[in-house]
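See structure below.
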Amino acid sequence: MEPTLTELFSDDYAQAQDAADPLRGFRDRFHIPKHDGHDQAYFCGNSLGLQPKTARAHVEEVLSKWAMEAVEGHFTGQAQWMPYHELVRDPLAAVVGAEPSEVVAMNSLTANLHLMMVSFYRPTRERPAILMEAGAFPSDRYALESQVRFHGFDPATDLIELQPDAPDGTFSMQAIARAIAEYGPRLALIVWPGVQYRTGQAFDLAEIARLGHAAGAVVGFDLAHAVGNLPLRLHDSDADFAVWCHYKYMNSGPGAVAGCFVHARHARTDRPRFAGWWGHDQATRFRMGPDFSPTSGADGWQLSNPPILGLAPLRGSLELFAQAGMPALREKSKRLTGYLEALIHERLTGTLQIATPADPEQRGAQLSLRVVQGRGLQGREAGRSLFEFLAREGVLGDWREPDVIRISPVPLYNTHADVMRFVRAVEAWRAP
Ligand SMILES: *Cc1c(COP(=O)(O)O)cnc(C)c1O
């Protein structure tokens, strides 16, 4: 039975939902930052996910091994460093819906985007262009623009930034399809987000890949805001490549080692690539020969022996994802974000406007909230005032210019009670 509005807004309802939550035990496996001695209501998992309590043990294991075994740590005992990145391969492949040989944890997101473009952006005079979304995360735009220039082409004509056609900076699938049809013959590459960072809109990746391939383009995805947030089926989506980071919904710590996907059909590609010894055929890597012969699969794009300390927390995080499972996390995520949405519609209209699509299939955890007015202030001024008020109340969202507060209830550690706290805090700000 649907709850009545009075029930929906009671603390009892929020607490009952949390008590009945099959994933409720996971919150206790994270460090929740404190505010005035109480747990913060932390809604920034889309920016920096909270620390799993097991992260420390994984890092300490590496430090101890280094202290006690030094160079031999590469080949002896538990969690040897030589094949260390293989420890994360299977659980990471499960999170992104890939075959294990299609994924590798390496470098950082932007570095991986460049490495992928070295192989998968091969512009010609007839097909020089990249299609991306207008308003993309700046690092992606810098990377794409610099690649266009690097190849001697002109970003003014060959970096095509599709303008949003739908409300609040979102895109209809028709607009994406029209752009691919219109620019198709000139497109070398399409780079599209899994979830757009500013609006929180999620996209049909398989459909974008299908349209892109039909137009003769290569298709790559930036999954920074999608991985660990939505169930992904990267292999089936048929993307050529994808990149993402592990410090947002993947909870692996600031600047954590990032992720990369290369579709199995490119496992033994003879496309050009920037090479390093860790991408060399494993069987012969230590013959230290002069000629590069890539190992098959995503591993073949590795450059260096990986930063083991940076990879260690990812192991702890992936254990939690494997235990909870993406389908269960997604179920809870829909409920939690739907609860936030329902409360905003009932109690905060006129104060906040939701910019993220209302269709749950077109969003993940995040709602992007435009601050309309309150306390006699409008727009940006109202937004800054509310944002600072929330932080003083121990309710942490994040701010995006000019007037957006992003709130991401994360199913591994956020609760209905957290959501209720956010709503009450906005009410307290509005009517002091
Ligand atoms: C978070 C994010 C980045 C950050 O890039 P780094 O290389 O990890 O610093 C880049 N692109 C998008 C879309 C992001 O959301």
Seminar exercise, completed: Those helices (runs of 4 or more DSSP H) completely within the range 85-170 that have 1 or more residues that are within 16 Å of the ligand (Cβ to nearest atom), at pLDDT below 95 and among the hydrophobic types (A, V, I, L, M, F, W, C) are none
Exercise. Within the range 213-227, restricting attention to residues that are in contact (Cβ under 8 Å) with a residue 40 or more places away in the chain and of a type in the set (Gly, Ala, Ser), which residue is farthest from the ligand (Cβ to nearest atom)?
Worked result: GLY216
For this session: Go over the candidates GLY169, GLY212 one by one and state the one that is under 23 Å from the mean Cα position of the chain (by Cα) and over 22 Å from ALA365 (Cβ atoms).
Result: GLY212
For this session: Give the range 4-19 a look and list any residue that's without any contact (Cβ under 8 Å) to a residue 12 or more places away in the chain and either in a helix (DSSP H, G or I) or loosely packed, with under 12 Cβ neighbours inside 10 Å (or both), or say none.
Result: THR4, THR6, GLU7, ASP12, ALA16, ALA19
Seminar exercise, completed: Out of (1) over 21 Å from the mean Cα position of the chain (by Cα); (2) on the phi > 0 side of the Ramachandran plot, the one ASN107 does not meet is (1)
Exercise. Of a type in the set (Val, Ile, Thr), more than 26 Å from PRO254 (Cα to Cα) and surrounded by fewer than 20 Cβ atoms within 10 Å (Cβ to Cβ), is that true of THR295?
Worked result: no
Problem set entry | Filtered residues of the range 83-109 (kept if aliphatic (A, V, I, L, M) and in contact (Cβ under 8 Å) with a residue 12 or more places away in the chain) | LEU87, VAL88, LEU92, ALA94, VAL95, VAL96, ALA98, VAL103, VAL104, ALA105, MET106, LEU109
For this session: Determine, yes or no, whether VAL227 is within 26 Å of PHE30 (Cα to Cα), under 11 Å from the mean Cα position of the chain (by Cα) and not in a loop (DSSP other than H, G, I, E, B).
Result: no
Exercise. Name the pairs: first residue in the range 228-250 and under 15 Å from LEU329 (Cα atoms), second residue surrounded by fewer than 23 Cβ atoms within 10 Å (Cβ to Cβ) and among the aromatic types (Phe, Trp, Tyr), Cβ to Cβ under 9 Å, at least 6 apart or on different chains?
Worked result: GLY228/PHE321; MET250/PHE321
For this session: Would you check if GLU133 is under 21 Å from the mean Cα position of the chain (by Cα), surrounded by 16 or more Cβ atoms within 10 Å (Cβ to Cβ), within 21 Å of HIS280 (Cβ to Cβ) and in contact (Cβ under 8 Å) with a residue 60 or more places away in the chain?
Result: no
Exercise. Quick check, is LEU396 touching a Phe, Trp or Tyr at 6+ places or on another chain (Cβ under 7 Å), under 20 Å from TYR249 (Cα atoms) and surrounded by fewer than 23 Cβ atoms within 10 Å (Cβ to Cβ)?
Worked result: yes
Problem set entry | So GLY77, is it at pLDDT 95 or above and either over 27 Å from SER368 (Cβ atoms) or surrounded by 17 or more Cβ atoms within 10 Å (Cβ to Cβ) (or both) | no
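The values are calculated or read from the model by the stated rules, or taken from the named source; none is laboratory data. Worth saying up front: this structure is predicted, and the values here are computed from it rather than measured. Cβ: placed from backbone, ideal geometry, glycine included. Neighbour counts: every protein chain shown.
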